[in-house]
Amino acid sequence: MDGESSSYNKVENVYVSHVEDAVTFWGQSFNRIQEISKISESLATACPTMSPVFGIPNLDKVYGGMFSADKCWYRCKLQQVVNDEQCAVTYIDYGNSETLNRTSIVELPEDLQMPPVAQKFRLWGIQLHTSSDIEQGLQFLSKLIADQEISVLKKTVYKDGTIVVQVLHDDLDIGEEVVRKGFAEKCKLLSPQLNSQETREVVANHEKSRFLWPVKIAERLPMREPKTLPLLNRAFSEQKASDQQGNNFQAARISPEINGLKIDQRCLDENKLLKDENKQLRDEKESLMQKLRKLEMHLQKMHLDMKKARELSEKTIHGLEVNLKTAAGSRLKVLTTKINGLRTLRCDNECISVAEDLLEAVKVVTANPLSAPLTLNNLEDNWKEYHLAQEMIQGCNDVVDLDLLIDKRNKIQKTLSSSIDDFIVEVEQLPLDERLTKLEMLKHSLKIIYGTSVGCEDSDSVFQEFYEWKQARLMTFNTLRNDTNSSLGVIGTWFSDVQKLFDLAPTESLVSSDNVECIDSIIEKVDTNVSKELEVSLKEPNQKEQEIIKNTYNSVVKLINEEICLIEAVSSKYLSSFEFKNNIEQWINTNPNVDDLMAVKKTIKGLKGQLRWKLLESGNMEESDDYNETTHKELKYEIEALRTKIFYEIQREQEEYVQLSTLVQKLFPELPLMYSDAGILNHMCSGGLLSSSMERILFDAEPMKELSNKRPLLCTEIQDKKILLKGYSVGADTEEQVIVRAAEFHKAWRLQKEESGIMELLYLFFCKSDPVVYLMVPFYAGKSLGTVQTLNPLNSYEIVKVMSGVAQGMQTLHAANIIIGSLHENNMFVINREKGIIGDLDFTRDAEQRSSATMVCFPLWTAPEVKAGRTVSAATDVYTYGMTLLWLCIGTKDIPTNPDGTPDLNRIDVDPKAKSLLSRLLCCDDRMEAKQIQTHDYFLIAEVDNTTDADNTVLPEEEEAFDENVPADFA
């Protein structure tokens, strides 16, 4: 008993984890709170592997229960078996309860059979009030102590382990607060003869009878960190009410046994009335005391307010007295500050500088603007006649009419040349560059101040209104300035006179003391005038004035733009006229011809004949019985030399074609008709790609069936560069289409060349014996994207660089209105692991046909709209590009898809910037355009780890060996 009682009357800190009713709660000792996390980890590991409870459970054993709210495991004890499938449990580390299926209750190992972390507490000296609302009482106690740290003073312990405590929290006795709110009442002393142990036993028996309550289902889960669960269901409240009735019944039954006295009913009634009156008086007293406290607080507040008001008044009076002593000095100091500010404004001339820059701009654009040269109209007329004559020559098909048209054109040409001379002389006397520079600088400076301009109509009326406003503003400033100067002169004279008044020299004073008294009015006038001038000088223009300034600015910008356009037009006409004059001078007395081109063609034809003879001789020598290896080798050298000469002459032929094409476009459109056998028109239509001199026999090419089984594919070497000859079968109906498509692709490459992001096309020529067209392109051995990823995958830095180049290529083709339709891993090439380009296309097919072929080989790469049967478009290429980028980012992993067929990016782990870009590329609607791709943040990575695993690095020898044996589909 001594050891037990020694633990009483000690204060302990407890964290409230669950409130059961208005007088009962569960708490976790702060000494054991750290065990919660360890127990949770152990339960999460052990419970999934343990067997469920079968048969008759042990009510004294600790089990593991899966809480229904969060599906996590917690320690619990079984209170009762509800039915064959369910049991009522209490979570011993928190205190809340619920009903669980047997499948959610498992056995626990011995190391988790430790005592509960949570303990059940009951407020000391009080019991539930019979007529109180149990649910409201529970909520009230929850608001006071739930999920909070409290201090408890242990009083006694019931036999079931419930600890009776006195609770202090925030300087409140929680039991007293519960009683004061009417949710509980003080316990009645049964008898002085009952010692504390007997009392404990009696109450414990009562508590024990209450233990088998119907199961309470918590609406909140037990937390892994201490949390309370205040919200209980209606069944719990009804059970508490029934428990309270049991308490009253038991107290009524025990009381006669203890007292053994017969109490007179009338005395009891009188006693009850006295108690009620006493309670009413206590309530009235409490109400009056509260009113008294409020009045005292109000009086204290009023006292403090009066004290503050008195202090403020005294401070104000003191300040006035101090200011009165220095009034003259303070006023002159303020006036001096204003005068200094006005002096600064006048020095900077800011008082009249509102829209001053705009006034200067009006003077610039209205005073001596440049006008069109007088010879410009005549020159324009001559140019129109000249272009019309050229168009007539270009559309002529009769040689006889052609001569007449050429003579007419030549006469117009001489007239045009003369007008060009006059125009050039006049323009060279105009200060075009200086004027253009001045106007552009003026426009830029005005835009910084006034922002973007809008259109306007009548500039003259706008400028007139602006001049009138500026004039009126200037007059106002002059008036204010004169008034200020006058008042400053008066105060200066006053100070001079006062100086004489205070001179103590023995001379007669010339100044009356009355003049000193007028200083206040003088200072007031000076202050007023200076303040007005400062106010007007610093005042922002009002809405009407701002409208005048805005209209004037728009008109000025309009005139500037018109003059700039005129200067640019005159300059452009000057440059084109000067170029025409320089080009036409060498052809004034002569006409161009194709003699040089035909001479080159003749040379090529002769060399081809020698080559055929040498090839025939080489073939006969190989079949001869008297084969001589040395002689055959010398013959091969001669054949190689002939091929080199032919390729050199073909290059010369191309140069001649380029010169003639330039002459046709600029000066002599009659050349294709005059020299139809020269093939100038075919060369121009193909953009210089088509060559009539190229033949299959010129190439010592080897078939490469391992790279493609679709079409003839030959590999050869020209001038130390490997090239591919790609053969396509054509018919009479597709031959022209192949030339047009290849020419469009080639023209797109020529605009940017190496920066275009697409493969260069070298030559296009037709086989003379078979219906086959050959396309000559560079051979990027083993550099297709699919091959590179198989051999040595790109790292993240290289992916960004390569796919940036591919995006540039796609932008180039889309700008030329070319839909790819066959963008995949085998039609993209990696150059030095730093740049990506798009390969050539199958020019015998249109975009729809290329897309259909690609959809068979690369179904995942096909856009949803194409699968739905819609036509291919630029957006289709963008989607295929996005799929290629996704494939590079995740490798060979499976790609989860959405119901619409697009990849489900939320289930794919990729770089956030890459995911952001992919979400814009692989969507069904609002897909990015090719020109927008390279501006995305994904391509703005400044530093990316460019290191790769040494084990995955391929040596140059290995890569070269790989190049010759890896098949690839070349579109």
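The values are calculated or read from the model by the stated rules, or taken from the named source; none is laboratory data. Note that this is a predicted model, so its numbers are computed, not measured. Note that we place each Cβ from the backbone using ideal geometry, even for glycine, and neighbour counts take in every protein chain shown. These accessible areas exclude ligands, DNA and RNA; they are computed on the full protein's heavy atoms, side chains included. Shrake-Rupley method; radii C 1.70, N 1.55, O 1.52, S 1.80 Å.
Each of Leu439, Phe423, Asn378 was placed along the dipole of the range 373-494 (beta-carbon charges, centred on the mean Cα), and the one lying farthest toward the positive end is Leu439. Rolling a 1.4 Å probe across the protein heavy atoms gives the range 525-598 an accessible surface of 57 Å² per residue. Over 28 Å between Cα atoms, which of Lys721/Lys753; Lys71/Lys913; Lys10/Lys291 qualify? From Lys721/Lys753; Lys71/Lys913; Lys10/Lys291, over 28 Å: Lys71/Lys913; Lys10/Lys291. Phi angles of the range 910-926 translate, via the Karplus equation with coefficients 6.51, -1.76, 1.60 and θ = phi - 60°, into HN-Hα couplings of 9, 4, x, 5, 5, 5, 4, 5, 4, 5, 8, 9, 10, 9, 7, 10, 6 Hz per residue; Gly and Pro are given as x.
The residues Phe30, Phe765, Phe140, sorted by heavy-atom accessible surface at 1.4 Å with ligands and nucleic acids left out, run Phe30, Phe140, Phe765 from largest to smallest. What net charge is computed for the residues neighbouring Cys565, neighbours being all others with C-beta under 14 Å from the C-beta of Cys565, Lys and Arg scored +1, Asp and Glu -1? Once all neighbours under 14 Å are counted, the net charge is 0. Using a probe of 1.4 Å, the accessible surface attributed to Arg293 totals some 110 Å² when neighbouring protein chains are kept in position. Among the chymotrypsin sites (Phe, Trp or Tyr not before Pro) in the range 611-672, those placed in a DSSP loop whose Cβ has at most 12 other Cβ atoms within 10 Å are Tyr627. Applying the criteria of a DSSP loop state and at most 14 other Cβ atoms within 10 Å to the trypsin sites (Lys or Arg not before Pro) of the range 537-621 yields Lys539. Between the amide H of Val19 and those of Trp26, Leu229, distances stay under 5 Å, these residues lying 5 or more places away or on another chain, with hydrogens modeled in the peptide plane. Rounded to the nearest 20 debye, what is the charge dipole size of the range 84-132 about its Cα centre when +1 sits on each Lys and Arg Cβ and -1 on each Asp and Glu Cβ? Dipole about the Cα centre, nearest 20: 420 debye. For the range 560-684, averaging the sequence separation of C-alpha pairs within contact (under 8 Å, six or more residues apart) and dividing by the residue count gives a relative contact order of 28 percent. A cut-off under 14 angstrom between Cβ atoms defines the neighbours of Asn482, and their net charge, with Lys, Arg +1 and Asp, Glu -1, is +2. Here the Karplus relation 6.51 cos²θ - 1.76 cosθ + 1.60, evaluated at θ = phi - 60°, turns the backbone of the range 315-323 into coupling constants of 5, 5, 4, 4, x, 4, 4, 5, 5 Hz, with x for every Gly and Pro. Within the full protein context, the accessible area of Val557 is estimated at about 10 Å² for a probe radius of 1.4 Å.
Is there a quick way to get the dipole size of the range 622-676? I mean about its Cα centre, with the Cβ of Lys and Arg at +1 and of Asp and Glu at -1; what is the value in debye to the nearest 20?
Computed about the Cα centre, the dipole is about 580 debye.
Give me the net charge of Tyr91's neighbourhood, meaning all other residues with Cβ under 9 Å from the Cβ of Tyr91; Lys, Arg count +1, Asp, Glu -1. With Lys, Arg at +1 and Asp, Glu at -1, the neighbours total 0. Across the range 690-849, the mean sequence separation of Cα contacts (distance under 8 Å, 6 or more residues apart), normalised by length, yields a relative contact order of 23 percent. Measuring nothing but protein heavy atoms, the accessible surface of the range 607-670 at 1.4 Å probe radius is 48 percent carbon and sulfur. Near the amide H of Gln934, within less than 5 Å, lie no amide hydrogens of residues on another chain or at least 5 residues away, with H placed in the peptide plane. When each of the peptides 361-368, 91-98, 771-778 is scored by how many other beta carbons lie within 10 Å of its residues on average, the order from highest to lowest is 91-98, 771-778, 361-368.
Here the Karplus relation 6.51 cos²θ - 1.76 cosθ + 1.60, evaluated at θ = phi - 60°, turns the backbone of the range 543-556 into coupling constants of 4, 5, 5, 5, 5, 5, 5, 5, 5, 5, 4, 4, 5, 4 Hz, with x for every Gly and Pro. Computed with a 1.4 Å probe on the full set of protein chains, the accessible area for Ser461 sits at about 60 Å².
Extending 7 Å from Cα along the Cβ direction at Ser692 and again at Asp904 yields two label points whose distance is 6.3 nm.
At q = 0.11, 0.22 Å⁻¹, work out log10 I(q)/I(0) for the range 290-415 with the Debye formula, treating every Cα as an identical point scatterer and leaving solvent out; two decimals please. After summing over all Cα pairs, the log10 values are -0.82, -1.19.
Here the peptides 173-183, 890-900, 52-62 are ranked by packing, the mean other Cβ count within 10 Å, and the order with the highest first is 173-183, 52-62, 890-900. Sorting Glu634, Glu540, Glu798 by accessible area puts them as Glu540, Glu634, Glu798; the probe is 1.4 Å, largest comes first, and only protein heavy atoms count. The modelled label-to-label distance for the pair Gln136/Ile448, using points 7 Å beyond Cα in the direction of Cβ, is 7.5 nm. Ordering Val772, Trp749, Asn682 by the projection of their Cα atoms onto the charge dipole of the range 648-788, which places +1 on the Cβ of Lys and Arg and -1 on the Cβ of Asp and Glu, puts Trp749 at the extreme positive end.
Computed from point charges on the beta carbon alone (+1 for Lys and Arg, -1 for Asp and Glu), the dipole magnitude for the range 857-939 about its Cα centre is near 80 Debye.
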